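S.K.: Take this structure first; my questions come after.
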Amino acid sequence: MSNQEEQETTPIPVENDGETQTAPVPSDDDIPELPAPEGQKKFPWVRVIVLGWVILLGIAGLAAYSGFQQGVSTRVSQSATETAGQLERQYQLGLEDFSNGFYQRAIQRFDFILSQDPNNAKAIEMLARTRAIVDVTATPTVVLPTPTPTLTPTPDLRGQDERFNNAEEDLNNGNWDQAISTLLTLRKTSPDYRAIDVDSMLYVALRNRGVQKILEQGELEVGLYDLSQAEQFGPLDIQASNARDWARFYIIGASFWDVDWGNATFYFGQVAFAAPNLNNNDNWTASRRYRTSLENHILALFEQKRHCEALVQHEILGRLDPSLIGTEDYERRVNTLDDRCEADKAEQGGG
């Protein structure tokens, strides 16, 4: 046995109550592992590094998602702005087409706007106006009577020159119906006979009959049809163009009668001062219709508590009929509307 082995197995004397006893020497297996001194503990660095990367990746992901959302929001906003701009451009082009008489193209533009923005009030109104004009000026359906076999019309045996001269005479005498009938027959049976002169005479006859129907006879739809036919041969002059516009405004205003007094007032107001006696073969002249629609429009605005607008319209009524100014009823209404208008302004300012 070596000295080391002897040293490891040599009992250790222990005093116990004055007696010396021998304590067994513990082996290596019996000695517990002591914790490392403070400051020398092992720290899980790998976990710290992984956790840090997870946090960084989370932050980066949130930032990327936030940027994506902001980008989407920006693109959506830009797209909405661009769409609104395009629709406004189409609306302005539609107004130009309407003003120039290109009604079918205007209808297409307003229809497109409403397909993108169904609640666009401006497009809805202009579409209604344009369609009303197109409906009024549309070619009327001609119902041909069933021919009776026993009736044979007397053939027109006159020569081309005679027909032309008769049409020219009727034209000079203002017999528009007879001139148009003769010229149409000549144009149909002899299309190559003095075609330019025949077309020019047809233009004059249709133009003059259309103006007469509108301004003198109160047959607005018939007059509009004649003028539309005259335009097939040449542009209308100022008088004929004005008569056409007045007839259209009158008919559109009548379509709003007792339905929308604001629109009725607007359209009859376009006619009342330029052609006050214009009517549609009845006693309702344009000036009378304008006066009546204006009065009802004022009452409607008052009921809707739109007092300031009602006041403006009431003052227009006074200028339309100066005899009202100074009367007790007129002044009372003006004062009432003025007081309520000021109260509305004060309430809106306080709000």
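Throughout, read-outs are computed from the coordinates displayed, never taken from laboratory work. Keep in mind that what you see is a predicted model, and the values were worked out from it rather than measured. Every residue, glycine as well, gets a Cβ built from its backbone with ideal geometry; the counts of neighbours run over all protein chains shown.
S.K.: For the pair residue 172/residue 288, report the inter-label distance in nm, with labels modelled 7 Å from Cα in the Cβ direction.
M.R.: Each label point is offset 7 Å from its Cα along the Cβ direction, giving 4.1 nm.
S.K.: What's the ranking of 106-118, 200-212 by average number of surrounding C-beta atoms within 10 Å, highest first?
M.R.: Peptide ranking by packing, descending: 200-212, 106-118.
S.K.: Using the number of other C-beta atoms within 10 angstrom as an exposure proxy, rank 88, 328, 221 with the fewest first.
M.R.: Ranking 88, 328, 221 by Cβ neighbours within 10 Å, fewest first, gives 328, 88, 221.
S.K.: For residue 96 and residue 335, what does the FRET efficiency come to when R0 = 45 Å and r is the distance between their Cβ atoms, rounded to the nearest 0.05?
M.R.: That gives a FRET efficiency of 0.55.
S.K.: Please name which of 204, 182, 228 has its Cα lying farthest along the dipole of the stretch 159-236 towards the positive end, using unit charges on Cβ (Lys, Arg +1; Asp, Glu -1) and the Cα centre as origin.
M.R.: 228
S.K.: Here's something else I'd like to know. Show me, for the stretch 318-331, the HN-Hα J-couplings you get by feeding each phi into the Karplus relation (A = 6.51, B = -1.76, C = 1.60, θ = phi - 60°), rounded to Hz, glycine and proline as x.
M.R.: x, 6, 5, 10, x, 5, 6, 5, x, 6, 4, 5, 5, 5
S.K.: So, one more: Using the number of other C-beta atoms within 10 angstrom as an exposure proxy, rank 259, 222, 198 with the fewest first.
M.R.: Least crowded to most crowded, the residues run 259, 222, 198.
S.K.: Taking the number of other C-beta atoms within 10 Å as the exposure measure, put 164, 102 in order starting with the fewest.
M.R.: Lowest to highest Cβ neighbour count: 102, 164.
S.K.: Using the per-residue mean of other Cβ atoms lying within 10 Å as a proxy for protection, in what order, highest first, do the peptides 342-348, 166-172 fall?
M.R.: 166-172, 342-348
S.K.: Per residue of the stretch 274-287, in order, report the coupling 6.51 cos²θ - 1.76 cosθ + 1.60 (Karplus, θ = phi - 60°) as ³J(HN,Hα) in whole Hz, putting x for Gly and Pro.
M.R.: After applying 6.51 cos²θ - 1.76 cosθ + 1.60, I find 7, 9, x, 8, 4, 8, 10, 6, 9, 8, 8, 6, 4, 5 Hz.
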